[in-house]
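Below is one structure; the comments refer to it alone.
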Amino acid sequence: MDMADWGPVLGQVEVDVFREHLDDEDALVEALAGYEIVVLMRERTPFRRALLDRLPALRLLITTGMRNASVDVAAAAERGVLVCGTGGLGTGTVELTWALILDLARGVTAENVGLRAGGPWQRTVGMDLAGARLGVLGLGRLGAQVARVGLAFGMEVSAWSANLTEERAAEVGVRLAGSKAELLSGSDVVSVHLVLSERSRGILGAEELALLRPTAYLVNTSRGPLVDESALIEALRAGRIAGAGLDVFEVEPLPADHPFRSLPNVLATPHLGYVTQGGYRIFYRDIVEDIAGYLAGKPVRTLE
């Protein structure tokens, strides 16, 4: 509640907070039945047609961000449910991407754990980023920021996506890879920054992962389903790539027995990319504005 001024709506609504993740539809219905307004934190809780049909009191559904693949916006519209979004602060994801890359390259977590446990002094030999090749899969707002940081480190940066042009690549200051295969096979670090869609789902499968060098790292802070998890787990177990830095997963929260929790060459974080004070302040400020707009009959930031 301290991330925004709730004054404009507190006299008109009562605010309840659910801190525990609910992944069972019956549990969600029991918890949310009777609520006219529901606010979602990113894509953590899918709202499909079946769930929407069981929440007849729902009239306003707010998601943080202006895109949420886990909400059936068309079904919501059919049910008379207004769906609104919020602004955000993309720099947090860029910063976390580099935290993962730097940790993988220099073994920061492994060395810290070893030091605390009284283990050997200096167990790893780090990878030099200067002169290494960074491949950016997707050169949109976030991908471009990641690419520019790579250039600042002295890396050779190339990018690829299905619709990426020479002009856009030149604008960012990177080289346009001739193909996805060229990007993957020629990079020491591959960072994924694509929007999840039916076309991009599974864009990195077994065939694509096989193109990566045995010394390469894969970093995904975009969306879990962009990468075939089974194929990635197999590649990591077999040592066909050096490791992976992952902030997003097919199922979130990550199941307790998931291999990504225990594989030694995986550096995993619990979807922290957007979790910053600045980002949350924007989320909650806009949530209050969305609620106020709905109550006044003048909705803002509607999703269609």
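The values are calculated or read from the model by the stated rules, or taken from the named source; none is laboratory data. What you see is a predicted model; the values in this text were computed from it and never measured. Ideal geometry is used to build each Cβ from the backbone, glycine not excepted, and the neighbour counts take in all protein chains shown.
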Restricting the search to the stretch 183-211, which residues are within 19 Å of N265 (Cα to Cα) and either modelled with pLDDT under 95 or outside any helix (DSSP H, G or I) (or both)?
S187, D188, V189, V190, S191, V192, L204, G205, A210, L211
Which of the following residues is of a type in the set (G, A, S), part of a helix (DSSP H, G or I), in contact with a strand residue (DSSP E or B) (Cβ under 8 Å, 6 or more places away or on another chain) and not assigned by TED's automatic domain parsing to the domain that holds R281: A99, A105, A110?
A105
(1) free of Cβ contacts under 8 Å to residues at least 12 places away in the same chain; (2) assigned to a strand (DSSP E or B): which one isn't true of D257, the others all being true?
(2)
Considering only residues of the stretch 212-254 that are assigned to a loop (DSSP other than H, G, I, E, B) and of a type in the set (A, V, I, L, M), which is nearest to H193 (Cα to Cα)?
V248
Criterion: on the phi > 0 side of the Ramachandran plot and surrounded by 15 or more Cβ atoms within 10 Å (Cβ to Cβ) - qualifying residue of G138, G90:
G138
Quick check on the stretch 46-55. Is at least one of its residues surrounded by fewer than 20 Cβ atoms within 10 Å (Cβ to Cβ) and either of a type in the set (S, T, N, Q) or under 22 Å from E289 (Cβ atoms) (or both)?
no
Consider the stretch 1-43. How many of its residues are aliphatic (A, V, I, L, M), under 27 Å from the mean Cα position of the chain (by Cα) and part of a helix (DSSP H, G or I)?
5
Taking the stretch 260-286 and keeping residues assigned to a loop (DSSP other than H, G, I, E, B) and in contact (Cβ under 8 Å) with a residue 12 or more places away in the chain leaves L263, N265, T269, P270, H271, L272, G273, Y274, V275, T276
The condition of being surrounded by 14 or more Cβ atoms within 10 Å (Cβ to Cβ) and under 26 Å from S179 (Cβ atoms) holds, among G245, G293, G279, only for G245
Which residue out of E156, E182, E166 is farther than 30 Å from D72 by Cβ and surrounded by 17 or more Cβ atoms within 10 Å (Cβ to Cβ)?
E156
